[in-house]
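Report on the following structure.
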């Protein structure tokens, strides 16, 4: 297993290199001159020329790319074109809010999906099971950019229970986190149901029930532990996806996270800041997947044996 994770760590560097390269060149294909966004279209030619030299926009694109890689290897992500602050500092200010939103969303997903999935599997083909299916289909079908405004209209405007935007007031985390968590909960509910139904049909479960164990003990202690193993991988992947999916939700609810910072930077053509945001999101996604694989093998000895034999 250590050799397997060493191989996975070795793939981290080329993965991040590809991400950095794609983002660097694709950003420069977006129409719009960063100098115009910084100084305005009516700026003096001398001011434009000075700014172009300051940020080395007069150099060939490939040379700019090589300079960026050199600074990146030193841990320097550059400076924001507008605020003149280091990109590292601006990202640190926003990254915590994005992680907070992502963890809260995962918590909502787990709290909602586990009881619904378990009860749906135990009460298979009943009215409750069909209602759970409807919930899952609606949750998967509704995108966050549609669900978010609906929840804002209900809980913030009509009921006035939670703040509409920002992060300063109590309850500010509820609307953005439930917006992201409901979609994940819908997916995990169906997966929990399908996995638990498959486990309940196994011989050792029937043997446990034949010995007189209570249905609650059989389901929770024996069946659920096995059924949750495949969900760990899905949960890890979904958490990584959340970091990218928070972009729209943060914009809807004015949540001061990394996603809203990246959107602002794209609109302003702040290349350095966009590159830093995307790089950190990609790095977090890869690390989360690596940790998910590690945890998955801890709870499933069969997979650990397979990896040791590779």
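Bear in mind these aren't lab numbers, they're just calculated from the coordinates by the rules spelled out. Since this is a predicted model, take the numbers as computed values, not measurements. So basically every Cβ, Gly included, is an ideal-geometry build from the backbone, and we count neighbours across all protein chains shown.
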Rounded to the nearest 0.05, what FRET efficiency do residue 44 and residue 264 have when you use their Cβ-Cβ distance and R0 = 35 Å? 0.85
Mind giving me the nanometre distance, one decimal, between the label points for residue 73 and residue 133, set 7 Å out from Cα along Cα→Cβ? 5.8 nm
Can you tell me the order of 100-108, 282-290 when each peptide is scored by its average per-residue count of other Cβ atoms within 10 angstrom, highest first? 100-108, 282-290
Relative counts (whole %) of C-alpha pair distances in segment 56-129, using bins that are 5 Å wide: 3, 12, 11, 12, 10, 8, 8, 7, 6, 6, 7, 6, 3, 1
Give, to the nearest whole percent, the P(r) tail of segment 51-175 beyond 18 angstrom, counting all Cα pairs. 72 percent
Using Cα centres only, tell me the gap between segment 101-132 and segment 159-236 in whole Å. 5 Å
Helix axis angle, 229-252 relative to the chain longest principal axis, alpha carbon, degrees: 40 degrees
In nanometres, the difference between 0.36 nm per residue of separation and the alpha-carbon distance of residue 52 and residue 164 is 36.3 nm
Degrees separating the helix 45-54 axis from the principal Cα axis of the chain, which is the longest one: 50 degrees
Please compute the volume of the convex hull spanned by the alpha-carbon atoms of the chain and report it per residue in Å³. 167 Å³
Calculate, for residue 84 and residue 241, the FRET efficiency according to 1/(1 + (r/R0)^6) with r their C-beta to C-beta distance and R0 35 Å; round to the nearest 0.05. 0.55
Cα-based helix-to-principal-axis angle, 12-27 vs the chain, degrees rounded to 10: 50 degrees
Run lengths n ≥ 4 of DSSP H only: what is the helix-derived mean residue ellipticity at 222 nm for the chain, with -39500 (n - 2.57) per run over all residues, to the nearest 500? -23500 deg cm²/dmol
Between residue 234 and residue 290, what FRET efficiency comes out of the Förster formula 1/(1 + (r/R0)^6) with R0 = 25 Å and r the beta carbon distance, rounded to 0.05? 0.95
